[in-house]
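The values are calculated or read from the model by the stated rules, or taken from the named source; none is laboratory data. Note that the structure is a prediction, hence the values are computed from the model and not measured. Heads up, the Cβs are rebuilt from the backbone with ideal geometry, glycines too, and the neighbour counts pull from every protein chain shown. In case anyone asks, the SASA skips ligands and DNA or RNA and just uses the protein heavy atoms, side chains included. Shrake-Rupley method; radii C 1.70, N 1.55, O 1.52, S 1.80 Å.
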Amino acid sequence: MTDMKAQQAIAKPDIMRSTQDDIQLTEAGELKHFLTIEGLKKERLIEILDTAESFAGVNDKAAKKVPLLRGKTVANLFFENSTRTRTTFELAAKRLSADVLNINVNVSAVTKGETLLDTLRNLQAMQCDMFVVRHSSSGAAHFIASHVEPHISVINAGDGQHSHPTQAMLDMFAIRRNKGDFSQLKVVIVGDILHSRVARSQIHALNILGTGNITAVGPKTLLPQQMRELGVHVRHDLDGALVGADVVIGLRLQKERMRSALLSTEDEYYRSFGLTERRMRLAKPDAIVMHPGPTNRGVEIEASVADGPQSIILEQVTGGIAVRMAIMSIAMGNIEKSLAANSAVQS
Amino acid sequence: MTLLEKINPAGVENMIRQMAESLKLQLGSDYQSAKMLGIKTGGVLVAQQLHEALKLEEEAGELNISFYRDDFSRIGLHPQVGASKIPFSIEGEIIILVDDVLYSGRTIRAAMNEIFDYGRPEKILLATLVDRTGRELPINADVIGRSMDLPQSHQVKLRDDMSLEISQR
């Protein structure tokens, strides 16, 4: 990739931010959609983490449900394949007592914006209350949120290379549970930072929560110097970066990067950037290892690290349900609240 | 807000001691095997003292009822006070449900719904420090520290230091 192309890729979220105008907040500054972490206040993130902490107890009950979203219909709109994210969103909605529609939109059948709006209007006609959207185009969730009726909340479950805010929040939840205070932490994120919406959202969240040191590591083709603008240290040697790390986050290596000649071979990547047991000894002895999944063992992470005592990969998945319950109920509650306030003014 | 009356912590402790005696009478000789649940946050404070006075076998639990409230559609999600902590099984147990102020009865309705999501208790007794008039649901307490007939404009609040304040808006 040329530097110019890389620059464009980085600049994309900024362009979107300028058109965004905090569409995800109510007039009172509270979340009604959850589209991106960028630009949110620290208190909004803390609210999500604290609420998720309360929801974590729901999993211990005989009846793993609370009645908050009873009578609401949540539509999982997945324009891009996903198993883990869709399943945990579905479980989260069901544990909030909502009815859930899973819609796997055949991407080839969807041409452009018109069809997307048509799909939306149909779902609105079916009286859905919340859309959980995953789409391969950056900005798709934002586009949908700007076109839905005011009683509908939109949650971004990953849009292109832009953002994956619920994944980032569940990662913050796992970090806070294991490490507590963010300000003293050294967090290392390794992999294809340039194309990763997960990494981008994680970096925004870590910055907002006041993380002391965020270091991004990867090959030069996948981590250009301009990534510094996101507020991270940029390094290309994993061994050096790992020294003194408290949290180590591996990203999934997407095979298509190899085809597009941004990377040489899996073996070479593993030799330079694989999270191995030997390398992990460079980090602090109590460092935790995270990964958004699914893991490519032997490509970005050694199996004994992914399954080892420092790994909290499965804890991330469990926490993801509580975090998504928190986000859905906060957003839906704020919409209900603003609608009730408006109807009170009118009557 | 004008403060009308203040009951100091010693006075509140007295009320709780009387509640404990009344609970012993109602529960009979094996009262110490009953399980106690305080509703967050005021009910937890009362439950701590009540638990101490009764010397129950099992430690008291805490109930966060904010996910069961009936005003979600009007005011959204309440600020969080932490997860419910129930360190015992509900199934087949006698539960002493404790709150600081019983007013509309809606909190107790929510609390009972939550309890049943953990299991089927044999019996639930309701103990409240203050029972004020103004019920909106058919719910009554079994054990009361003090009854109060107050107009709607009044507010009753149990402070963290265990003093009880009655004030007017």
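Structural remarks
- Considering residues of the stretch A:51-91 that are among the polar types (S, T, N, Q) and farther than 21 Å from B:Val81 by Cβ only, the residue nearest to the other protein chains (Cβ to nearest Cβ): A:Thr73
- Output for the stretch A:289-305, where each listed residue is without any contact (Cβ under 8 Å) to a residue 24 or more places away in the chain and either more than 20 Å from A:Asp192 (Cα to Cα) or not in a strand (DSSP E or B) (or both): A:Ala303
- Enumeration of residues in the stretch B:118-141 that are within 11 Å of the chain's Cα centre (by Cα) and either in a loop (DSSP other than H, G, I, E, B) or under 20 Å from B:Tyr31 (Cα atoms) (or both): B:Leu125, B:Leu126, B:Ala127, B:Thr128, B:Leu129, B:Ala141
- Any hit, the stretch A:87-98, residues being open to solvent by 10 Å² or more (accessible area, probe 1.4 Å), within 15 Å of the chain's Cα centre (by Cα) and among the basic types (Lys, Arg): no
- Top-ranked residue in the stretch A:61-86 [being open to solvent by less than 70 Å² (accessible area, probe 1.4 Å) and among the β-branched types (Val, Ile, Thr); ranked as nearest to A:Pro292 (Cα to Cα)]: A:Thr85
- Evaluation of A:Glu38 against (1) of a type in the set (Asp, Glu); (2) touching a residue at least 24 places away in the same chain (Cβ under 8 Å); (3) not in a loop (DSSP other than H, G, I, E, B) (one fails), failing number: (3)
- For the stretch B:80-91, the condition holds for at least one residue, the condition being that it is within 17 Å of the chain's Cα centre (by Cα), open to solvent by 30 Å² or more (accessible area, probe 1.4 Å), closer than 25 Å to B:His154 by Cα and within 14 Å of another protein chain (Cβ to nearest Cβ).
- Residue ID - farthest from the other protein chains (Cβ to nearest Cβ), chosen from residues in the stretch A:36-49 that are within 11 Å of A:Ile327 (Cα to Cα) and open to solvent by 20 Å² or more (accessible area, probe 1.4 Å): A:Arg44
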